[in-house]
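What follows is a single structure, written as structure tokens, with notes after it.
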């Protein structure tokens, strides 16, 4: 992850971008909890809603791998097909953890 380059792409200073990343991590944890809850409850609407939030935030920050996974989960939720969403959610959790660790070391 190159936060300096990502910040420049968005017209931000690196420290401003890192503040947004920190906010993304905090809100992302809550959204991931909602996503997991939706999966556990087999609530496709809740899954789609939480994934949509994660997709938008990650896309706005240029975190495209995260964006693509969240987009797939959202589509599955909208179609009422939750198969594979638990595995994809675990991948998002790992990526969020990596973003958090990387931002702390930046």
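None of the figures in this text is laboratory data; all of them are computed from the coordinates on show. Predicted model only: the values in this text are computed from it and were never measured.
Once the Cα atoms are used to define both axes, helix 14-40 deviates from the longest principal axis of the chain by about 10 degrees. Summary value for the stretch 3-105: 28 percent relative contact order, contacts being C-alpha pairs under 8 angstrom separated by 6+ residues.
When restricted to Cα atoms, the stretch 25-91 yields an Rg and a Dmax of 10.4, 31 Å, respectively. For the stretch 3-57, averaging the sequence separation of C-alpha pairs within contact (under 8 Å, six or more residues apart) and dividing by the residue count gives a relative contact order of 25 percent.
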